[in-house]
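Undergrad: Below is the structure I would like to discuss, written out as structure tokens.
Just so it is clear, none of the values below were taken in a lab; they were calculated from the coordinates. Predicted model, so just to flag it, every value in this text is computed and none were measured. Neighbour counts are summed over all protein chains in view; Cβ atoms, including those assigned to glycine, are modelled from backbone coordinates with ideal geometry.
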Amino acid sequence: MSALLVARLPRDLHPVAWWVWAIGLAAYASFTTNPLLLLLLVGVVSVVVAARRGDQPWARSFRLYVGLALFIVATRVLFRVLLGAVPGHVLIDLPEIPLPDWVLGIRLLGPLTREALLAGLYDGMRLGAIVICVGAANALANPKRLLRSLPPALYEVGTAVVVAVTVLPQLAESVQRVRAAQRLRSGATGKVRRLRRFLVPVLEDALERSMALAAGMDTRGYGRTAGIPVVTRRITSTLMLVSLVGLCVGVYAVLDGTTPGWLAATMLVLGAGAAAGGLRLAGRRVTRTVYRPDRWRWPEVVVALSGVAVGAAGWWIARDQVPIAYPGVSTVPGVTLTALAGVLIGLVPVVAAPVPASIVQEEAPA
Amino acid sequence: MIELRRVTFTPPDSSEHVLKDVDLTIEEGELLLVSGPTGSGKSTLLGVLAGLVPRFSGGALEGDLLLDGTSIIRTPPRERAGIIGYVGQDPVAGFVTDTVEEELAYGMEQLGLAPATMRRRVEETLDLLGIADLRQRSLRTLSGGQQQRVAIGSVLTTHPRFVVLDEPTSALDPTAAEDVLATITRLVHDLGTSVVVAEHRLERVVPFADRIALLVGDGSVAVGDPADILETSPIVPPLVELGRELGWSPLPLTVRDARRRARGVALADRVGLTEPDQAGPPPSSSGGSTSAFVGRAASASERVETNTVTLSARSLTVTRGRTPILHDVSIELPAGRVTALMGRNGSGKSTLLWTLQGTQKRLAGSVDVAGKDPATLDPDTRRTLVGLLPQTAADLLYLETVAEECDAGGPRTREILDSLVPGIPDDQHPRDLSEGQRLALALSLILSADPPVVLLDEPTRGLDYAAKHALAEILRELTAAGKAVLVATHDVEFVAEAADDVVVLADGEVVSAGDVRSVTAESPAFAPQVSKVFGPGWLHVREIVEAVGEG
């Protein structure tokens with residue numbers, strides 16, 4: 001019992017758990033165009049984000065993703081208006097812009113129908129909901145800690161990303177500094193020359209910084225080899241590539257629905273097998289360790305499972321309750337209890353996940 | 001034990017040896033100070049130890065480097081990581097992660113230490129450096145001194161036997177520098193780590209050094225006891241200069257030594273100092289005065305009389321977001337005087353300079369230069385009112401040769417450059433100039449607009465004593481031409497030599513302002529070595545020598 005409570009003490013949940021949860025919800029969104037279910041899904045995501053995000057910079061990025069989602073919906077609808085051509089109830093009778101004969105099948109403007117608008121809206125909402133799910137994962141999980149939980153075979157990629165993330169703000173700062181400094185002296189004023197005046201110091205600065213960083217990493221032991229044969233390294237890379245391709249094709253086949261089931265199953269198994277082999281092989285040659293690794297305890301399991309459950313529910317609805325998952329544009333979309341319950345499972349993290357450590361630090365007396 | 005055997009290094013595209021036949025042994029548990037003028041190869045020597053030279057610098061390295069008798073000269077830096085820890089000049093550039101704790105653990109992760117060991121060592125190191133309360137902080141939000149300590153900590157966690165530090169205190173304010181040096185001495189004393197440290201400002205490190213390796217500039221290295229080496233060294237701290245001038249032997253290395261000597265030898269010559277009331281008190285200093293002192297004060301006040309205020313700023317307030325960076329700061333820069341701006345890292349010195357120059361937007365307050373407000377002018381006109389030399393002078397330079405830079409900078413630039421530092425060849429690349437020369441080039445680009453006010457942001461960084469003397473000379477020429485000069489700096493010895501007035505900033509507010517003698521007398525942290533020995537009021541060796549001569 002006490003172990004159960006300990007795992008709920010304020011701490012940051014394992015980033016992978018958040019990503020599994022978010023991917024599950026995104027999968028649900030991809031299985032339906034029902035606007036009611038999608039709205040409910042976005043609501044569930046927002047509630048969880050509001051309840052369980054910390055106050056680090058990345059936690060504030062959720063708003064950006066919501067904005068992006070709204071933009072996607074708006075664009076999708078706009079395109080439907082521009083390239084109309086869905087028969088139905090005419091809302092506004094826009095004049096059609098005549099196009100030459102060779103652009104067969106494309107119509108510009110023309111009568112705007114309610115059906116066209118709704119089809120654009122549903123489609124856009126589906127994409128928007130997926131984007132919001134990804135945004136939620138970003139807001140809830142520290143992206144850098146996620147990279148730290150990468151398998152050792154992908155460590156180099158992870159380091160490159162971390163470095164890139166830190167270098168960008170430095171570059172911005174350097175740009176600002178040089179611009180201010182160049183105003184202090186007189187010099188070339190022509191367009192091209194002015195660009196040079198500004199680029200040369202910034203690039204020199206960036207180059208010097210990266211040399212210093214490389215030197216810093218090297219002197220601290222980055223890239224110690226510990227004598228691994230080249231052959232092993234090649235095999236590992238091949239396995240990782242095969243697994244990536246296999247997983248991508250497999251996931252596509254599952255989500256697409258029109259591809260035969262055997263293909264999906266084979267590709268997934270192949271991908272997973274190759275990944276396991278590659279990671280195992282890579283793990284054997286690893287000489288480095290991880291400081292204070294994120295631990296995987298029961299709240300992580302529950303959060304991840306809730307995501308999987310939501311995804312599974314979506315898949316089931318798309319197969320067994322087609323009218324609910326893909327409602328026509330001419331009737332009012334309906335919902336069923338299973339579809340609703342499927343989305344609401346996504347709320348489990350509000351209860352199961354512990355409060356983030358950064359929130360508690362703020363509240364605690366100094 | 002590390003041994004360098006006949007190490008010779010030739011940089012790329014050059015036939016001159018930066019290091020020539022260097023033999024050097026680094027014992028266990030000693031603090032070896034590497035000293036020498038700028039460009040004499042201090043960083044190169046440290047780079048050879050860490051494995052960065054020639055791997056990152058290019059060039060040819062000959063000779064051998066032995067670790068306990070095994071040659072490691074071909075071993076890459078990463079394989080030396082557990083044994084030799086290296087901290088570069090700019091700690092921020094070497095940071096790989098983004099929080100203090102992860103940075104401390106990074107090296108251990110690479111070495112593959114057990115998680116329990118890593119946790120324990122991180123805690124120990126946090127305590128050793130006194131930064132336990134910073135563990136969760138982002139590295140970019142730390143002050144300079146804290147960053148330097150984290151950088152040292154991040155190599156200590158792997159328990160290296162040798163720690164190599166390249167100018168660990170050059171960017172730090174006096175107090176932060178002392179913290180870092182205290183940390184370094186603790187390593188040597190408590191942990192038995194060997195520390196090799198390169199440093200320009202010898203006055204800080206000499207008291208702690210066991211031996212000094214002096215690079216003269218021709219590639220050779222003289223190694224020995226600090227007192228012996230400093231006897232003939234071309235660069236010495238003020239205390240040693242004093243000892244040499246007064247013929248003390250052995251030379252005093254610490255302020256305590258010097259004080260004891262001063263009590264015995266020079267007492268008869270300094271009557272005024274022991275009896276403050278006799279010669280009349282110097283301006284607001286608690287110490288005494290001599291006739292020589294009065295003479296100097298008089299000459300200073302003569303200069304003051306001819307002065308008019310060139311720049312006057314009232315109640316400046318600058319905020320970043322909602323945090324105030326400057327709060328209600330008023331400052332006046334009189335023509336013909338050098339004002340030094342001091343204060344710890346992050347106290348708002350740079351912001352004040354940029355605000356006076358007009359680029360930094362202010363929330364409230366006014367700046368007045370000859371009846372105009374620089375903030376309201378366009379950059380071209382602003383240049384003719386206020387010149388600012390930014391912290392990284394290289395940001396100003398973008399062309400391939402000195403001649404091109406001078407042509408782009410305006411008609412008089414070359415002339416000004418020659419008057420500041422004569423004899424810089426036209427065809428040289430600005431990046432290849434020495435620190436001091438590059439500074440002079442950047443300064444002449446700024447002076448070509450002939451502004452009545454000149455602001456300099458930490459120009460002494462990375463300069464050796466000779467270059468600092470030259471800079472002080474340049475500042476004196478500027479003031480003689482009637483310009484008002486404001487220099488932000490951490491270097492108390494430079495302030496003692498070059499400045500007339502001092503303004504001290506803390507937390508964005510002016511906490512003390514006035515004549516250099518009175519301000520250094522009030523704050524021990526800003527007192528130069530000479531006034532620590534002879535009491536407030538005395539600033540440099542020259543004054544003491546004169547006073548002794550007269551006495």
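Undergrad: Please report, in Å, the Rg and the Dmax of region A:158-219, where both are computed over Cα atoms only.
TA: According to the Cα coordinates of region A:158-219, Rg and Dmax are 14.2, 44 Å.
Undergrad: Using DSSP to call loops (not H, G, I, E or B), can you name the GluC sites (Glu not before Pro) in region B:6-61 whose Cβ has at most 10 other Cβ atoms within 10 angstrom?
TA: Details: sites: B:16, B:27, B:28, B:30; in loops: B:16, B:27, B:28, B:30.
The qualifying sites are B:16.
Undergrad: Looking at chain A, do any whole DSSP H helices span at least 18 angstrom along their long axis by alpha carbon and average 0.5 or above on Kyte-Doolittle, and which?
TA: Qualifying helices, which must be both long enough and hydrophobic enough, are A:15-30, A:35-52, A:62-82, A:114-140, A:155-182, A:230-256, A:261-284, A:298-320.
Undergrad: So what's the gap between the Cα centers of region A:322-350 and region B:72-148, to the nearest angstrom?
TA: 51 Å
Undergrad: For region B:207-256, state which GluC sites (Glu not before Pro) are in a DSSP loop and have at most 10 other beta carbons lying within 10 Å of their beta carbon. Spell out each step's value before the answer.
TA: Details: sites: B:231, B:241, B:245; in loops: none.
Loop-located and lightly packed - none at all.
Undergrad: Distances longer than 27 Å among the Cα atoms of region B:1-158: what percent of all pairs is that?
TA: Of all Cα-Cα pairs in region B:1-158, 32 percent lie more than 27 Å apart.
Undergrad: Rounded to the nearest 500 deg cm²/dmol, what is the calculated helix-only ellipticity per residue at 222 nm for chain A, with -39500 (n - 2.57) per DSSP H run of length n ≥ 4? Display every interim value, and only then the final one.
TA: Numbers: 15 runs with 249 residues, N = 366.
Estimated from H runs of four or more residues: -22500 deg cm²/dmol.
Undergrad: Something else: May I ask you to evaluate 6.51 cos²θ - 1.76 cosθ + 1.60, the Karplus curve with θ = phi - 60°, for each residue of region B:10-26 and list the ³J(HN,Hα) values in order in whole Hz, giving x for glycine and proline?
TA: Each residue of region B:10-26 in turn: 10, x, x, 6, 8, 10, 7, 8, 6, 10, 9, 6, 7, 10, 8, 10, 10 Hz.
Undergrad: So for chain B: antiparallel DSSP bridges make up what percent, rounded to the nearest 5?
TA: Close to 55 percent.
Undergrad: Also: At a temperature of 20 °C and a viscosity of 1.002 mPa s, determine how fast region A:1-144 diffuses translationally according to Stokes-Einstein, using the Kirkwood radius over alpha-carbon pairs as Rh; express D in µm²/s, rounded to the nearest whole number.
TA: 123 µm²/s
Undergrad: Please list the three semi-axes, largest first and in whole Å, of the ellipsoid equivalent to region B:349-457, using sqrt of 5 times the eigenvalues of its alpha carbon gyration tensor.
TA: 27, 14, 11
Undergrad: I would also like to ask the following. Can you give me the long-range amide H partners of residue B:341? Hydrogens built in the peptide plane at 1.01 Å from N, cutoff under 5 Å, separation of 5 or more residues or another chain.
TA: Result for residue B:341 returns B:487, B:488, B:489, B:503.
Undergrad: So for region B:452-510, averaging the separation of alpha carbon pairs under 8 Å that are six or more residues apart and normalising by length, what relative contact order in percent results?
TA: Relative contact order for region B:452-510 comes out at 44 percent.
Undergrad: Label points 7 Å out from Cα along the Cβ direction at residue B:123 and residue A:78: separation in nm?
TA: 5.8 nm
Undergrad: Separation of region B:190-211 and region B:351-393 by C-alpha centroid, Å?
TA: Computed from Cα coordinates, the inter-centre distance equals 41 Å.
Undergrad: Label-point separation (nm) for residue B:232 and residue A:107, each offset 7 Å from Cα along Cα-to-Cβ?
TA: Between residue B:232 and residue A:107, the label points sit 9.9 nm apart.
Undergrad: Quick one: 3J(HN,Hα) in Hz for region B:37-53, Karplus 6.51/-1.76/1.60 with θ = phi - 60°, rounded, Gly and Pro as x.
TA: Coupling constants for region B:37-53: x, 4, x, 8, x, 4, 4, 4, 4, 5, x, 5, 5, 7, x, 7, 9 Hz.
Undergrad: Now, a different point. By how many nm would the segment from residue B:254 to residue B:13 lengthen if fully extended, with 0.36 nm per residue of separation less the alpha-carbon distance? All intermediate terms of the calculation are to be shown ahead of the outcome.
TA: Working: separation 241, 0.36 × 241 = 86.76 nm, distance 4.24 nm.
That pair, residue B:254 and residue B:13, stretches by 82.5 nm at full extension.
Undergrad: What is the angle, in °, between the Cα long axis of helix B:465-480 and the longest principal axis of the Cα atoms in chain B? Nearest 10 is fine, range 0 to 90.
TA: In chain B, helix B:465-480 runs at an angle near 20 degrees to the longest axis.
Undergrad: Ok, one more. Using the beta-carbon distance between residue A:351 and residue B:190 and R0 = 41 Å, what value does 1/(1 + (r/R0)^6) give for FRET efficiency, to the nearest 0.05? All intermediate terms of the calculation are to be shown ahead of the outcome.
TA: Working: r = 50 Å, r/R0 = 1.22.
The pair residue A:351/residue B:190 has a calculated efficiency of 0.25.
Undergrad: Continuing with this model, one more query. Suppose the chain between residue A:245 and residue A:262 were pulled fully straight at 0.36 nm per residue; how much longer would it get relative to their current alpha carbon spacing?
TA: That pair, residue A:245 and residue A:262, stretches by 4.5 nm at full extension.
Undergrad: Can you tell me the alpha carbon radius of gyration of chain B divided by the globular rule-of-thumb value 2.2 N^0.38 Å?
TA: Taking N as the residue count of chain B, the ratio is 1.01.
Undergrad: Suppose the chain between residue B:245 and residue B:477 were pulled fully straight at 0.36 nm per residue; how much longer would it get relative to their current alpha carbon spacing?
TA: Gain in length upon complete extension: 80.9 nm.
Undergrad: Put +1 on the Cβ of every Lys and Arg and -1 on every Asp and Glu Cβ in chain A; which of A:216, A:267, A:164 then has its Cα farthest towards the positive end of the dipole?
TA: Checked the options; the winner is A:216.
Undergrad: Name the long-range amide H neighbours of residue A:11: under 5 Å, sequence gap of 5 or more, or other chain; modelled H, no Pro or chain starts.
TA: Residues meeting the criterion, in which the H sits 1.01 Å from N, are A:355, A:357.
Undergrad: On to the next question. A 22 angstrom limit on the alpha carbon distance is what I want to check against. Which of B:20/B:468; B:349/B:483; B:20/B:42 exceed it?
TA: Values: B:20/B:468 27 Å; B:349/B:483 20 Å; B:20/B:42 13 Å.
Table pairs above 22 Å Cα-Cα are B:20/B:468.
Undergrad: I've got another one for you. Calculate the FRET efficiency for residue B:545 and residue B:525 from the Cβ-Cβ distance with a Förster distance of 30 Å, rounded to the nearest 0.05.
TA: 0.70
Undergrad: Among B:209, B:136, B:227, which residue has its Cα furthest toward the positive end of the charge dipole of region B:119-231, with +1 on Lys/Arg Cβ and -1 on Asp/Glu Cβ?
TA: Result: B:136, furthest along the dipole toward the positive end.
Undergrad: Below 16 Å, Cα to Cα, which aspartates and glutamates can residue A:144 reach? Residues fewer than 8 away in the same chain don't count.
TA: Within the straight-line limit of under 16 Å, residue A:144 reaches these aspartates and glutamates: A:12, A:55, A:156, A:294, B:98, B:101, B:102, B:103, B:109.
Undergrad: Same structure, new question: Report Rg(Cα)/(2.2 N^0.38 Å) for region B:307-507, keeping two decimals.
TA: Relative to the rule-of-thumb radius for its length, region B:307-507 sits at 0.99.
Undergrad: To continue, here is another question. How high is the relative contact order of chain B, in percent, counting Cα pairs under 8 Å that sit 6 or more residues apart?
TA: Numbers: 1076 pairs, mean separation 80.5, N = 551.
Over chain B, the number comes to 15 percent.
Undergrad: Separate question: With both partners inside the protein assembly as shown, how many of the DSSP beta bridges are antiparallel, as a percent to the nearest 5?
TA: Values: 43 of 77 bridges.
Percent antiparallel among DSSP bridges in the protein assembly as shown is about 55.
Undergrad: Can you pull the one-decimal nm distance between simple spin-label points at residue A:232 and residue A:198, each 7 Å off the Cα toward Cβ?
TA: 5.1 nm
Undergrad: So if R0 is 45 Å, what FRET efficiency would residue A:150 and residue B:320 give, r being the distance between their Cβ atoms, rounded to the nearest 0.05?
TA: According to the calculation, E is roughly 0.80.
Undergrad: Normalised radius of gyration for chain A, please: alpha carbon Rg relative to 2.2 N^0.38 Å, two decimal places.
TA: Compared with the compact-globule rule of thumb, chain A sits at 1.24.
Undergrad: Hey, quick one: spin label on residue A:114, modelled 7 Å out along Cα-Cβ, who in region A:328-350 has an amide N within reach, i.e. under 12 Å?
TA: Answer for region A:328-350: A:329-333.
Undergrad: Here's something else I'd like to know. Can you give me the long-range amide H partners of residue B:325? Hydrogens built in the peptide plane at 1.01 Å from N, cutoff under 5 Å, separation of 5 or more residues or another chain.
TA: Correct list: B:318, B:319, B:320.
Undergrad: So for region B:307-507, averaging the separation of alpha carbon pairs under 8 Å that are six or more residues apart and normalising by length, what relative contact order in percent results? Write out the running numbers ahead of the final one.
TA: Details: 381 pairs, mean separation 62.7, N = 201.
Computed over region B:307-507, the figure is 31 percent.
Undergrad: On the first, second and third principal axes, largest extent first, how far apart are the outermost C-alpha atoms of the protein assembly as shown in Å?
TA: Computed over the protein assembly as shown, the largest-to-smallest principal extents equal 108, 70, 58 Å.
Undergrad: What do you get for the angle between helix B:255-265 and the principal long axis of chain B? Use alpha-carbon atoms, 0 to 90 degrees, nearest ten.
TA: Computed tilt is about 60 degrees.
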